[in-house]
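To start, the structure itself, in structure tokens.
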Amino acid sequence: MKYKFSVLLAALALAVSSNIHAAESADAHHHSHGSTEPTKLQLNAGKKWATDEPLRQAMSNINQAMAKALPAIHKNQFGNGEYQALATTVGENVAYAVAHCKLEPKADAMLHLVIADLMTGAETMEGKTSNSRHDGAVQVLEALKSYGKYFRHPGWRSTKG
């Protein structure tokens, strides 16, 4: 049952990358949003956005998984199955964050932009786009870098690609 729930959450998180409102209507996300979603990350009046423990845990898990994979990726010794597993890790952690984090609406809207990039990168690592799987890893790393730049996460050091 736990596996099915994780798969369901991962599937709902995938919906976030292509249609944020579809995920909301499926009750995957319980935050309220205004009528206009931001299209570009920005700081909160010059300061980083607040985070909560579930979000920090999920982002730390993704960051650690990327750090572990990078040496093999850089040496072109990371196979399709490994990219698939890494993409699954990203998706599961995004699903966890979507299901559990409780941010104020403006911070949440900013987080959606990071989540969209994470999930697009994961889809690319799965081989679902015309870009290389390596490009997907790069996109995930860029999303992690953006997260660190725009969100308050004590001790955060994004993995360097």
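Taking the conditions exactly as written (out of contact with any His (no Cβ under 7 Å at 6 or more places or on another chain) and open to solvent by 20 Å² or more (accessible area, probe 1.4 Å)), does residue 138 satisfy them or not? Step through it out loud before you land on a result.
Working: out of contact with any His (no Cβ under 7 Å at 6 or more places or on another chain): yes; open to solvent by 20 Å² or more (accessible area, probe 1.4 Å): yes.
In short, yes.
Scan region 131-146 for residues that are outside any helix (DSSP H, G or I) and either under 16 Å from the mean Cα position of the chain (by Cα) or hydroxyl-bearing (Ser, Thr, Tyr) (or both) and the total you get is 1. Checking 128, 149 one by one, the residue that is surrounded by fewer than 16 Cβ atoms within 10 Å (Cβ to Cβ) and not in a helix (DSSP H, G or I) is 128 and no other.
Can you tell me how many residues in region 57-111 are within 15 Å of residue 123 (Cα to Cα), in contact with a helix residue (DSSP H, G or I) (Cβ under 6 Å, 6 or more places away or on another chain) and free of Cβ contacts under 8 Å to residues at least 40 places away in the same chain? Residues in region 57-111 being within 15 Å of residue 123 (Cα to Cα), in contact with a helix residue (DSSP H, G or I) (Cβ under 6 Å, 6 or more places away or on another chain) and free of Cβ contacts under 8 Å to residues at least 40 places away in the same chain: 2 in total. Considering only region 81-95, I want to know if a residue exists there that is crowded, with 17+ Cβ neighbours inside 10 Å, of a type in the set (D, E, K, R) and modelled with pLDDT of 95 or more. Yes.
The values are calculated or read from the model by the stated rules, or taken from the named source; none is laboratory data. Just so it is clear, the model here is predicted, and its values are computed rather than measured. Cβ: placed from backbone, ideal geometry, glycine included. Neighbour counts: every protein chain shown. The area values use the complete protein model at the heavy-atom level, side chains included, leaving out ligands, DNA and RNA. Shrake-Rupley method; radii C 1.70, N 1.55, O 1.52, S 1.80 Å.
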